[in-house]
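Down below is the structure, laid out as structure tokens.
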Amino acid sequence: MKVEIWSDVVCPWCYIGKRRFEVALARFEHRDEVEVAWRAFELDPRAPVTREKDYVRHLASKYRISDAEAQAMIDRMTAAAAAEGLAFRFEIGRPGNTFDAHRLTHLAADRGIEDAVVERLFAATFVEGEPIGDRDTLVRLGAKAGLDAEEARSVLESDTYSEAVRAEAARATALGISGVPFFVVDRTYGVSGAQTTDALLATLERAWAESRPPTLQMTGVGNAPGCDDEGCAV
């Protein structure tokens, strides 16, 4: 069974959703038969490499709300993250353009360490306050997660994986995905937002059950007479 997760590394609910999905997957009986793939979604393709405006002011400007209302939004997200074991620090955040981060994730997928790199990028963004749009920073973070630093730098200084990132964004549009996180299970079930662990687990179980032939449940008492290819009971 395949689970595709559209997300962006500057999306706080995507990191929270990742944790909830991991718990759901750990509880799923057939977890060893699940393939997880991360898909690119840019929340703001026109974002600068690094935003200079602090997070409160950014939210207040984006949603046209007061600083106090923006801070309340941050407090709610911080509390939700804490419930999943994540210590968000919006006050030191340095978000920015994520196109290169998505390209780095593609390299990680080809090297078999996609989840490790995705986790490293999320933690760098929301816990450590790293400038996630900066290429030198991405090279360093990728190396910490297991990528070869020189290969990562070579990729980021070229157009490698650019078309793949754009193609995933286009597929998201085709599927009607307008926000993240968004989970697609076996190209059949879609789950929007950072749903609860129970909701994610229920989707996994339903998708698994409906994609496999039903198992017969035997009823009756004892062995009743019948016929097979060797003859009939007498």
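The values are calculated or read from the model by the stated rules, or taken from the named source; none is laboratory data. What you are looking at is a predicted structure, and each value in this text was computed from that prediction instead of being measured. Here the Cβ is made from the backbone with ideal geometry for all residues, glycine too, and neighbour counts use every protein chain on show.
Computed values, structure above
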{"item": "Qualifying residue in segment 77-84 (condition: at pLDDT 95 or above and within 24 Å of Pro48 (Cα to Cα))", "result": "yes"}
{"item": "Flag for Glu119 being surrounded by fewer than 17 Cβ atoms within 10 Å (Cβ to Cβ), within 20 Å of Gly146 (Cα to Cα), touching a residue at least 40 places away in the same chain (Cβ under 8 Å) and charged (D, E, K, R)", "result": "yes"}
{"item": "Test: residue in segment 52-59 that is modelled with pLDDT of 95 or more and either in a loop (DSSP other than H, G, I, E, B) or among the aliphatic types (A, V, I, L, M) (or both)", "result": "no"}
{"item": "Condition met for Ala149 (in contact with a helix residue (DSSP H, G or I) (Cβ under 6 Å, 6 or more places away or on another chain), surrounded by fewer than 19 Cβ atoms within 10 Å (Cβ to Cβ) and without any contact (Cβ under 8 Å) to a residue 12 or more places away in the chain)", "result": "yes"}
{"item": "Single unsatisfied condition, Asp32 versus (1) among the acidic types (Asp, Glu); (2) free of Cβ contacts under 8 Å to residues at least 60 places away in the same chain; (3) surrounded by 14 or more Cβ atoms within 10 Å (Cβ to Cβ)", "result": "(3)"}
{"item": "Residue selected from segment 50-88 under the condition exposed (fewer than 14 other Cβ atoms within 10 Å of the Cβ) and closer than 20 Å to Ala123 by Cβ, by the criterion farthest from the chain's Cα centre (by Cα)", "result": "Ala79"}
{"item": "Val36 farther than 13 Å from Val185 by Cα and touching a helix residue (DSSP H, G or I) at 6+ places or on another chain (Cβ under 9 Å)", "result": "no"}
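Residue by residue, here is whether (1) of a type in the set (A, V, I, L, M); (2) touching a Ser or Thr at 6+ places or on another chain (Cβ under 8 Å) holds:
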site	(1), (2)
Glu4	no, no
Ser7	no, no
Val10	yes, yes
Trp13	no, no
Arg20	no, yes
Ala24	yes, yes
Arg31	no, no
Ala37	yes, no
Arg46	no, no
